[in-house]
Amino acid sequence: MSDDLGLPPPNVDIEEPVEVSAASSASPAPNTLQPLGSASPTISSSSSSFVPIDQHHVQDAIQVINEHKQFNQQIMEYIHGATLPGQIVGNDYHIISVFGSQSTGKSTLLNRLFNTNFDVMEESRRQQTTKGIWMAVSPEVSTTSSKKSTENVFVMDVEGTDGRERGEDQDFERKAALFALATSEILIINIWETQVGLYQGANMGLLKTVFEVNLSLFGQSKLENNTHKVLLLIVIRDHIGVTPLQALAETLITDLNKMWLDLSKPAELSHLKFSDFFDVDFHALHHKVLQPDEFSKDVKLLGDRLVVKKELFKPNYHHQIPVDGWTMYAENCWDQIDNNKDLDLPTQQILVAKFKCDEISNGVYDEFVAKHHGLFDDKVPGENVDYEQMGLAMVDLREDTLDDYDTSASRYNQTIYEQKRQALKEKIHAKFREVFDVHAKWVVETGVGQFATDIKKLKTRKDKSFFQGAQELEHKYVSLINTSLQLISLGEFHDSEVILDVKARFDAVVAKQQVVEMKAIIGRALAKIDAGVSKALQQELASPDDQTWERVMARFHELLAEVKARYAGTGTVPDFGLGTSDSDNVAGVERLQVQAWVALHSVVHRVITRDSVLQLMKDKFEDVFRYDENGMPRLYQKVEELETSFGAARKQTQQMVPVLEEMRTSEGAVVPRYSARAMRAAGFGARARASDAASEGSDDDSNSDSDDSDNETTPTPFSQVLSPADRDHVASRFKRETDAQFVETKRLVIQHATHIPYYVWLVMLVLGWGKLVAILRNPFLFALLLMAAAGVYVLHSMLMLRPAMVVVSRMGDEAVVQIKAKLRQVLLDTEDDPAQVHGARMAKMGGHQR
């Protein structure tokens with residue numbers, strides 16, 4: 001949206017001067033095509049003839065329709081040459097057209113926005129530049145982003161309206177505008193700000209005629225719930241901001257809606273609204289000559305809306321036609337438009353045959369779809385469906401539909417009739433194929449899904465093994481799927497391949513479920529071990545001693561023995577009850593034991609960290625240093641007493657570190673019963689190796705090298721809980737914090753131990769006897785003295801006198817600090833005032849003189 005720029009709007013937009021090429025100066029004979037030859041280096045959009053595509057040169061633009069209403073057959077060659085080699089565009093493209101009065105800067109706008117090279121009007125004279133309709137492939141859309149856009153945008157430059165060259169002959173203008181509407185996703189309507197509100201100046205009369213014909217040609221599709229629309233992007237040129245863009249937009253929308261209401265509509269289309277066919281958006285541009293920088297910025301902002309923000313291109317604007325078929329679609333549209341009766345509408349027999357055969361085909365196909373829906377769609381696949389009767393019903397329905405079409409359509413052109421019949425037959429087969437695919441997919445997916453669901457329930461059954469139950473289920477569902485697919489395949493489906501595929505899928509489900517169950521069993525066992533060890537360890541940390549790890553390891557072995565006993569089986573080989581092989585069962589128990597040790601290591605390192613150890617030591621120190629054996633707070637009276645208690649508390653607390661830094665029992669350091677390789681495979685030490693993972697190779701040939709490197713480095717012992725660095729860190733932190741606590745406590749003891757000598761009180765009593773007598777004789781002061789004495793007594797009796805004195809002392813200290821800060825601020829402010837400084841100096845000098 002443009003702001004107020006403070007510049008008057010010019011009447012015209014002077015386009016960039018260009019040099020007219022030789023192609024533009026040479027005009028061919030009317031209604032003739034230039035014979036094949038070499039393409040000129042620059043193809044001018046003012047040229048009125050078709051130039052063949054040179055395979056060694058890609059031209060800037062190609063004329064789609066010349067001023068003689070001839071359609072160019074070489075458009076696809078140009079598109080293939082202008083796009084990237086080997087690029088498959090498919091549906092990934094956009095068509096944008098521009099429409100507006102002659103000499104309003106349409107080509108200039110396209111060149112600036114899409115970096116095309118359409119011819120523009122010479123600066124020295126005003127005349128028609130673009131003749132017919134031209135197309136160019138945008139190499140890049142101009143945006144404010146530094147990243148190049150990758151959108152495939154095809155731009156059509158339409159001959160301007162209201163030109164003096166054509167005069168009152170508006171036939172081509174109407175057809176060109178209708179063609180642009182029929183083939184484009186976005187139609188840019190280029191008008192000046194001064195044209196807003198005008199009827200002829202804003203091409204409202206021409207648009208009204210075009211909308212009427214567009215409604216008659218394409219309105220029928222809207223009755224079939226067609227959601228396709230065209231975006232009318234109204235670009236307002238030379239916008240100075242005096243009238244807000246919102247107000248201009250409201251004026252134009254009001255004019256368009258009023259024009260739509262005044263259209264002559266067929267009765268069946270009278271309910272359709274303007275918004276059913278078109279969306280409208282607006283964008284304003286500053287003056288290109290007077291405000292070139294703002295103009296360029298506005299153009300780039302429009303490019304942002306197209307390809308960066310993607311707010312203008314919508315899926316329902318696209319015709320969903322691959323680019324290879326767009327030429328045929330565009331040519332057919334032009335044929336219909338060019339041969340329109342009011343605007344030369346087609347009346348030839350071939351076009352009538354196409355229309356009526358399509359109408360009959362659509363009618364019988366709609367009846368087919370309705371019957372199809374009643375026969376097949378409402379039935380849920382697999383629920384009591386007779387697939388044999390379904391196959392017979394497909395054949396009967398297809399023949400009945402084709403007979404109905406033959407009865408009504410055989411009277412028209414035979415070629416068109418046969419083409420449309422074949423197309424109808426293909427649509428019917430496609431619909432039947434959908435039925436087959438849905439039912440076959442449902443049968444297979446439902447069978448496999450139900451099998452996967454049922455196999456999960458086998459673990460709760462005790463009358464048979466998991467493997468036996470899985471085999472019975474597999475045979476049941478394979479037979480069901482085989483029977484159903486044979487009935488609906490009509491001999492076109494190889495059921496043996498399906499059975500093999502289903503068999504493989506069932507085997508995969510069984511194997512997957514065995515793995516899942518094995519992991520779940522091991523996971524539950526490990527969770528139990530984890531919780532038990534964690535609880536035991538938490539209890540031990542309350543008061544660790546030399547027997548801490550003895551008790552923790554005893555609890556660990558007890559939990560491990562419990563979970564192993566659950567899956568001991570009847571013989572020497574364990575049995576998880578999954579029907580897995582003996583080797584898998586043995587491997588499962590082995591994996592359980594290895595992962596149990598890994599879980600033990602994980603729990604210990606999760607509970608005992610350097611931060612948790614530091615906190616434990618601090619809590620232990622607090623308990624010993626600040627509280628006595630009875631749990632009462634300690635009140636230190638002497639420094640010697642404080643130092644003795646502090647040393648004992650620190651020594652007692654530091655005894656925790658040797659216990660917690662290593663898992664050690666009476667037999668020595670705790671060592672797992674499995675190799676380092678097995679422990680690493682189970683996840684042990686994964687965090688320590690995470691930083692080295694990027695440098696290790698994954699090839700089998702590098703295994704020996706990895707083993708050698710493992711032997712050369714000293715691994716971290718399993719029993720180590722705190723590394724030397726962690727231990728030093730904890731000791732250092734603990735020492736600093738306890739030292740600080742000791743210093744603070746000692747300062748308070750010394751401060752409270754300091755007292756005034758008794759003779760000072762005697763001197764004060766003698767010297768202040770007069771004041772004391774005055775206070776005693778004054779009832780008010782005597783009452784205050786009694787209240788103060790009572791308060792002191794109460795504090796003394798509650799053992800709160802010293803804390804109260806500390807509070808009063810600190811309040812006094814804080815008051816002194818605040819007073820000093822205020823005095824300092826006043827002095828600094830006085831020094832900053834030159835007049836006060838000068839006055840102070842003069843007063844000082846006067847004092848010296850006196």
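Laboratory data are not the source of any read-out in this text; all were calculated from the coordinates shown. From a predicted model like this one, the values you see are computed outputs, not experimental measurements. Methodologically, a virtual Cβ is constructed for each residue, glycine included, from the backbone with ideal geometry; neighbour enumeration extends over all protein chains shown.
Tell me the net charge near Phe114. Cut-off is 11 Å between Cβ atoms, Phe114 excluded, with +1 for each Lys or Arg and -1 for each Asp or Glu.
Value of the local net charge: -2.
Among Leu600, Leu616, Leu526, which residue has its Cα furthest toward the positive end of the charge dipole of region 515-642, with +1 on Lys/Arg Cβ and -1 on Asp/Glu Cβ?
Projecting each Cα onto the dipole axis, the largest value belongs to Leu526.
Just add up the charged neighbours of Ala725: K/R +1, D/E -1, any other residue whose Cβ is under 15 Å from the Cβ of Ala725.
-2
Using 0.36 nm per residue of separation minus the Cα-Cα distance, give me the extension gain between Ala587 and Thr243 in nm, one decimal.
Using 0.36 nm per residue and subtracting the Cα-Cα distance, I get 115.6 nm.
Show me, for region 366-373, the HN-Hα J-couplings you get by feeding each phi into the Karplus relation (A = 6.51, B = -1.76, C = 1.60, θ = phi - 60°), rounded to Hz, glycine and proline as x.
Computed from phi, the couplings for region 366-373 are 4, 5, 4, 5, 5, 5, 4, 4 Hz.
Can you tell me, using C-alpha contacts under 8 Å and at least 6 residues apart, the relative contact order of region 495-607 as a whole percent?
RCO, region 495-607: 34 percent.
For Asp403 paired with Arg777, estimate the spin-label separation in nm (one decimal), with each label point 7 Å from Cα along the Cα-to-Cβ line.
14.1
First measure r as the distance between the Cβ atoms of Ala430 and Ala370, then evaluate 1/(1 + (r/R0)^6) with R0 = 22 Å and state the FRET efficiency to the nearest 0.05.
For Ala430 and Ala370, the calculated efficiency is 0.85.
With labels modelled as points extended 7 Å from the Cα through the Cβ direction, what inter-label distance (nm, one decimal) is found for Ile88 paired with Gln538?
Between Ile88 and Gln538, the label points sit 6.0 nm apart.
Assuming 0.36 nm per residue, please report the length gained on full extension of the stretch Lys310 to Asn362 beyond their Cα-Cα distance.
The span from Lys310 to Asn362 would gain 15.2 nm if fully extended.
Is the C-alpha gyration tensor of region 352-453 telling us rounded, prolate or oblate? Criteria: a/c under 1.5 is rounded; beyond that, a/b larger than b/c is prolate, otherwise oblate.
Since a/c reaches 1.5 and a/b is larger than b/c, the shape of region 352-453 is classed as prolate.
Region 203-291: which GluC sites (Glu not before Pro) are DSSP loop and have at most 13 other beta-carbon atoms within 10 angstrom?
Sparse-neighbourhood loop GluC sites (Glu not before Pro): Glu224.
Can you figure out the FRET efficiency of Gln414 with Thr254, using R₀ = 60 Å and their beta-carbon distance, to the nearest 0.05?
The formula returns an efficiency of 0.70 here.
What spacing in nm lies between the two simple spin-label points modelled at Val806 and Thr572, each 7 Å away from Cα in the Cβ direction?
7.3
So if we plug the beta-carbon distance of Lys638 and Lys456 into 1/(1 + (r/R0)^6) with R0 = 56 Å, what FRET efficiency do we get, rounded to 0.05?
After rounding to 0.05, the efficiency reads 0.15.
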